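Visitor: Sharing a structure below in structure tokens format, with a few things to ask.
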Amino acid sequence: MIEATDFRDAMSLLTTAVNVITTKGSSGAHGFTASAVCSVTDTPPTLLVCMNQTSRSHAHFIDNKMLSVNVLGAQHEQISNAFASKLCSDERFEQGTWTELATGAPVLEDALVSFDCEIEDIQQVGTHSVFMCRVVAIKQAEQQGGTDESLVYFNRSYHQVGQVELV
């Protein structure tokens, strides 16, 4: 049998994009940092998002039935850390500038791309909930100065990947 720590150590070597997942409803705005996000299909456009069931904002995502996936750029390490911390929701959203698209879930204004989604299905797998999310709106960032670097997580630390065009 594979031990949980051995699995986590192995998974730390899988490079992943860093995302802030947000929702908003009658109980306010909530969010968390996640690397467990992936495309499922483009017809209809669908993403898969995984969230730990012990997260203090888990119930809010279930109740609101919508979320936004904000893909972070290299400049967003502080925002990632805030949404992964013990800060309260209001303090987390003090980081960055937020707007909204179709669902009302908070969208990070300068995210590389934001996917605004309705949660269509939820599966419980071990310690996590797997949200199947239909994308209803997409917002891509305007290129600023030719930099298009993504914030990624590899071997338990942040890295930046992408291309910087020198003018």
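Visitor: Using 7 Å Cα-to-Cβ label points, what is the D121/R8 separation (nm, one decimal)?
Guide: Those two pseudo-labels are separated by 3.0 nm.
Visitor: Contact order normalised by length for the chain, with contacts defined as Cα pairs under 8 Å and 6 or more residues apart; what percent is it?
Guide: This gives 26 percent for the chain.
Visitor: Any chance you could get the radius of gyration and Dmax over the Cα atoms of the range 18-111, in Å?
Guide: Looking at the range 18-111, its Cα Rg and Dmax stand at 12.5, 37 Å.
Visitor: Bin width 10 Å, origin at 0, all Cα-Cα pairs of the chain: what percent of pairs per bin?
Guide: Taking all Cα pairs of the chain, the binned fractions are 10, 39, 37, 12, 2, 0 percent.
Visitor: Considering amide H positions built from the backbone, and no H for Pro or chain starts, which residues 5 or more places from G162, or on another chain, come under 5 Å of its amide H?
Guide: Sorted by chain and number, the residues that satisfy this are S150.
Visitor: Given Cβ point charges of +1 (Lys, Arg) and -1 (Asp, Glu) and nothing else, what value in debye, to the nearest 20, does the dipole of the chain about its Cα centre take? Numbers along the way, then the final one.
Guide: Working: 9 positive and 20 negative charges, 85 e Å.
That gives a dipole near 400 debye.
Visitor: Can you work out the Karplus-derived ³J(HN,Hα) for every residue in the range 52-68? Use 6.51 cos²θ - 1.76 cosθ + 1.60 with θ = phi - 60°, whole Hz, and x for glycine or proline.
Guide: 5, 5, 8, 4, 5, 9, 3, 4, 5, 5, 4, 5, 6, 6, 7, 7, 10
Values quoted throughout were computed directly from the atomic coordinates according to the rules given, and no laboratory measurement underlies them. Since the model is a prediction, treat every value here as computed from it, not as a measurement. Cβ sites come from the backbone with ideal geometry, for glycine too, and all protein chains shown count toward neighbours.
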